[in-house]
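In what follows, a single structure is set out as structure tokens and then discussed.
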Amino acid sequence: MRTPSRGLIAALALTPLLAGCFASGQSDSSSGAGSKEGAAGRLRVALAVPPAQALSPYSNDATVLSKLSVAEGLTALDEDGAAAPALARSWKRNDATTWTFELRKASFQDGTEVTAQSVVDALDHANEAETKPRVLSDVSLTAKAEDADTVTITTKSADPVLPLRLASPALAILSAKAYAKDGTVSPVGTGTGPFEITRLSGKTSAALTRFDGYWGGKAKAPGIDVSWIADGTARANALRGGDVDIAEWIPTAQAKLLDKDTRHEVPSVRTDSLVLNTGSGIFTDATLRAAAREAVDGSALVDSVFGGYADPAEGLFGPAVPWTAGKRVEVTGRAKAATTAQVKAETKGKTLRLATYTNRAELPEAASVLQQQLEKAGFRVKQDVREYTQMEADLLAGKYDALVFSRVTLLDTGDAVAYLASDYTSDGVYNIAALKDSAVDKAIRAAAEESDTAERQQKIMRAEAEILRTDAVVPLVHEKAVQGIAPDVEGVLLDPRERSLIDLDTHLK
């Protein structure tokens, strides 16, 4: 396994906020087709979360497009988490709100050329999407084509991390035919990456073929066969049985059953939390949220549920975000927790609707442990456990009281502000907690406007403290990801942010 070379030059002046996130390599290489029986060198990959919206970049499906090197944005992230060239070969900041990007010569997989106007059109579609991508939660941007190869992007307010933001999979640049009049977006045959989606079969499988017109050179693997297997044990079994070459997110209970040379532990920026619905139901009462926070003990999950592949939560961000060390802000002003008797009296026999999903095998087990802890504190609890895509709409509509949730906190950009804005501001597009708190909004806005790296990090920690003060979220553990990779596979990307997996150099021996 590997991390790519440091050949990509970071062009962002802001010091990267996370180490270990990276862009794919760019070397020109031969196809290198292997001799896997029945596969002709094609990689067989098992992914965990089935597509919710036919791989639309405006949904959680966007990460699939980056994991499989299907689509690209103007920028990428290098291994240190800094902005690196992708479809844009260079850029400069003209003033506080204006940036200019110079494009490289590149083609879409349908044969059309990448032009400044195609970039503008793609960004306009993202801005106008019915459900705006999370990465745009805290920024308003306007793109303009200056000439065929030059794009100017203007933000309503200063956005010092715009090049990081543009590396988000949600802002992938697709060809004109990707965008339908009804607002749907299809990446099938419309990306710019080294692998082209040629077939998407609902929520079960997809076929990708090497795109030989890729500007960065030919991939070593001739293609990828993807299967979505929501059950973690089934994914591990598929790897053990030789049915797949790569299986992501191996459940911790299965990890130690794999051969040592197929089990790869990755530090992760994923934090598992108990998210409480502050907008409706039981947890509109701050004293009941405080009671829930005092009742749950995430450290009890580390060994019993995660088999040691996790650390007790320190906050919203864990050890994989090293700059948080020494910068945490004391949480003050929390509501006083209701006693067990008060919980029973205040809830009046109402059932706490506790949700989680099956895509991550540890979450249902964690929910059962938390149910016992909450019941001991006086709550009456009923679980609702389903596959994630079956419940996302209900989560965002506030139909649950609490959610056991696993979140990659730095998925959308290399900067924490985008995550905080999408999940915890009053108008955040992924605000499952339905949190509306002016102090939280103010703290996140202050962090977003800060351009000095050290001060921005400190303001992020102040915003974290404001969020934790509300008890809208109770951090439980910081996960360690386990990826399953067959011994005859080389070049798989081990990414702490889980948005890179296969690139030009990934192949069968």
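The values are calculated or read from the model by the stated rules, or taken from the named source; none is laboratory data. Since we're looking at a predicted model, the values are computed, not measured. Quick reminder, even Gly has a Cβ in these numbers, built from the backbone with ideal geometry, and neighbours come from all protein chains shown. Note: accessible area is taken over every heavy atom of the protein model, side chains too, but ligands, DNA and RNA are not part of it. Shrake-Rupley method; radii C 1.70, N 1.55, O 1.52, S 1.80 Å.
Among the residues of segment 183-203, is there at least one that is of a type in the set (S, T, N, Q) and more than 19 Å from Leu65 (Cβ to Cβ)?
No, segment 183-203 contains no residue that is of a type in the set (S, T, N, Q) and more than 19 Å from Leu65 (Cβ to Cβ).
If Leu352 satisfies every condition in (1) in a strand (DSSP E or B); (2) touching a Leu at 6+ places or on another chain (Cβ under 6 Å) but one, which is the exception?
(2)
Do we find that Lys220 is touching a Gly at 6+ places or on another chain (Cβ under 8 Å), in contact (Cβ under 8 Å) with a residue 40 or more places away in the chain and not hydrophobic (A, V, I, L, M, F, W, C) in this structure?
When the stated conditions are applied, Lys220 passes them.
For segment 471-509, what are the residues that are open to solvent by 10 Å² or more (accessible area, probe 1.4 Å) and polar (S, T, N, Q)?
If the condition is that a residue be open to solvent by 10 Å² or more (accessible area, probe 1.4 Å) and polar (S, T, N, Q), then Gln483, Ser500 are the ones that fit.
Filter segment 135-157 down to residues that are hydrophobic (A, V, I, L, M, F, W, C) and farther than 19 Å from Leu420 by Cβ and give me whichever is most open to solvent (accessible area, probe 1.4 Å).
The extreme case among them is Ala148.
Can you tell which of Val381, Val385 is outside any helix (DSSP H, G or I), closer than 22 Å to Gly349 by Cα and open to solvent by less than 30 Å² (accessible area, probe 1.4 Å)?
Working: Val385 fails: open to solvent by less than 30 Å² (accessible area, probe 1.4 Å).
That would be Val381, the only listed residue that is outside any helix (DSSP H, G or I), closer than 22 Å to Gly349 by Cα and open to solvent by less than 30 Å² (accessible area, probe 1.4 Å).
Among the listed residues Thr112, Thr131, identify the single one that is open to solvent by 50 Å² or more (accessible area, probe 1.4 Å) and either hydrophobic (A, V, I, L, M, F, W, C) or under 30 Å from Ala393 (Cβ atoms) (or both).
Thr131
Just wondering, is there one or more residues in segment 169-177 that are in contact with a strand residue (DSSP E or B) (Cβ under 6 Å, 6 or more places away or on another chain), at pLDDT 95 or above and not aromatic (Phe, Trp, Tyr)?
No, segment 169-177 contains no residue that is in contact with a strand residue (DSSP E or B) (Cβ under 6 Å, 6 or more places away or on another chain), at pLDDT 95 or above and not aromatic (Phe, Trp, Tyr).
Quick one: which helices (runs of 4 or more DSSP H) sit completely within segment 228-325 and have at least 3 residues that are open to solvent by less than 30 Å² (accessible area, probe 1.4 Å), among the hydrophobic types (A, V, I, L, M, F, W, C) and modelled with pLDDT of 95 or more?
Passing ranges, in order: 232-240, 286-295.
Being of a type in the set (Ser, Thr, Tyr) and not in a helix (DSSP H, G or I) is the filter here; which residues of segment 388-422 pass it?
Correct list: Tyr400, Ser406, Thr409, Thr413.
Here is a list: Ala366, Ala338. Which entry is touching a residue at least 24 places away in the same chain (Cβ under 8 Å), buried (at least 16 other Cβ atoms within 10 Å of the Cβ) and assigned to a loop (DSSP other than H, G, I, E, B)?
Ala338
So which residues in segment 85-100 are surrounded by 21 or more Cβ atoms within 10 Å (Cβ to Cβ) and either more than 26 Å from the chain's Cα centre (by Cα) or under 11 Å from Ile173 (Cβ atoms) (or both), if there are any at all?
Ala86, Leu87, Ala88
Scan segment 452-496 residue by residue and report those that are assigned to a helix (DSSP H, G or I) and of a type in the set (A, V, I, L, M).
Ala454, Ile460, Met461, Ala463, Ala465, Ile467, Leu468
Out of Asp225, Asp212, which single residue is modelled with pLDDT of 95 or more, more than 25 Å from Ala367 (Cβ to Cβ) and outside any loop (DSSP other than H, G, I, E, B)?
Sole residue among the options that is modelled with pLDDT of 95 or more, more than 25 Å from Ala367 (Cβ to Cβ) and outside any loop (DSSP other than H, G, I, E, B): Asp225.
Counting only residues that are touching a Gly at 6+ places or on another chain (Cβ under 9 Å) and crowded, with 19+ Cβ neighbours inside 10 Å, which one in segment 204-217 is nearest to Lys509 (Cα to Cα)?
Residue satisfying both the conditions and the ranking: Arg210.
If I filter segment 351-362 down to residues being under 19 Å from Arg293 (Cβ atoms) and of a type outside the set (Val, Ile, Thr), which single residue comes out as surrounded by the fewest Cβ atoms within 10 Å (Cβ to Cβ)?
Top of the filtered list is Arg353.
From Ala443, Ala434, Ala416, which residue is out of contact with any Phe, Trp or Tyr (no Cβ under 9 Å at 6 or more places or on another chain) and touching a residue at least 60 places away in the same chain (Cβ under 8 Å)? Reasoning before the result, please.
Working: Ala443 fails: touching a residue at least 60 places away in the same chain (Cβ under 8 Å); Ala416 fails: out of contact with any Phe, Trp or Tyr (no Cβ under 9 Å at 6 or more places or on another chain).
Exactly one residue qualifies, and that residue is Ala434.
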